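Before any comments, here is the structure.
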Amino acid sequence: MEADAEAGLNAHPGDDLGPIDQLIAERDQWKDRALRAVAEAENTRKRAETQNNDARAYAIQRFARDLLGVADNLERALQAAPKDAEGAAAGLVTGLEMTQKSLLSAFEANNLVRVAPAAGEAFDPHLHQAMMEQPSTEVDGGKVVQTLQAGYALFGRTVRPAMVVVAAKGSGASASASASDQVAGAAAYARASDQG
């Protein structure tokens, strides 16, 4: 007994804590795993929610793109329709106008926005497609001169870019002033050479 008591006095306190330390380490490991699993589940939920929102928001994108041809044809029909129509032709024109108005209202209700920049607006490569470049005396270089075909955007995402004509570099009021100065200078030179 005395030997047992002496062995107890000489025993190290850490020897009995070995299994406790293992339990604490294992508990910490499981706690870390649980926190990671919760974080992963939350990330998966957020990702799924974002994908569902995107799917809802852009589900009509393909359908809308298909309807843009219909809107273009209606616009062409209205442009070709006689402005001074009478009788049945006037009714047809009115029906076309009402159909176009209804279609554009449906587009707007579903956040499909018409993009038709006016002359002088800045060219935006995200919304516009430059079909050609031409010199202009009214519009500065790099800005829209004319819209050839309206574009459409759905929730800020371009469904079809607007087809536009862009002013050439060096265009604008200052370019027209320098061009008129050159013409006046050439005319003065011509007069001087005729006199001499």
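The values are calculated or read from the model by the stated rules, or taken from the named source; none is laboratory data. Keep in mind that what you see is a predicted model, and the values were worked out from it rather than measured. Note: accessible area is taken over every heavy atom of the protein model, side chains too, but ligands, DNA and RNA are not part of it. Shrake-Rupley method; radii C 1.70, N 1.55, O 1.52, S 1.80 Å.
Determine how large the accessible area of Arg27 is when every protein chain is in place; take a 1.4 Å probe and give Å² rounded to the nearest 10.
140
For the stretch 23-72, max minus min Cα coordinate along each principal axis, in Å, sorted largest first?
If we take the Cα atoms of the stretch 23-72, the spans are 73, 8, 8 Å.
Rank these residues by their accessible area, most exposed first, probe 1.4 Å: Lys46, Lys143. Before the final figure, lay out each step's value.
Values: Lys46 110, Lys143 75 Å².
Descending accessible area places them as Lys46, Lys143.
Would you list, by chain and number, the lysines whose Cα falls below 28 Å from the Cα of Lys31, excluding same-chain residues fewer than 8 positions away?
Lys46
Using only the heavy atoms of the protein chains and a 1.4 Å probe, how would Phe63, Phe107, Phe155 rank by accessible area, largest first?
Phe63, Phe155, Phe107
Rank these by accessible area, largest first, 1.4 Å probe: Arg36, Arg76.
Ranked list, largest accessible area first: Arg36, Arg76.
Quick one: accessible area per residue over the stretch 22-90, 1.4 Å probe, rounded to a whole number of Å²?
Ligands and nucleic acids excluded, the figure is 80 Å² per residue.
Assign one of three labels to the stretch 93-134, namely rounded, prolate or oblate, based on the Cα gyration tensor with a ≥ b ≥ c the square roots of its eigenvalues; rounded applies when a/c is under 1.5, prolate when it is not and a/b is larger than b/c, and oblate otherwise.
In terms of gyration-tensor shape, prolate.
Cα to Cα, under 17 Å, and not fewer than 8 places away if on the same chain: which lysines meet these conditions relative to Lys169?
Lys143
Hey, any idea what % of the stretch 37-171's accessible area is carbon plus sulfur with a 1.4 Å probe?
55
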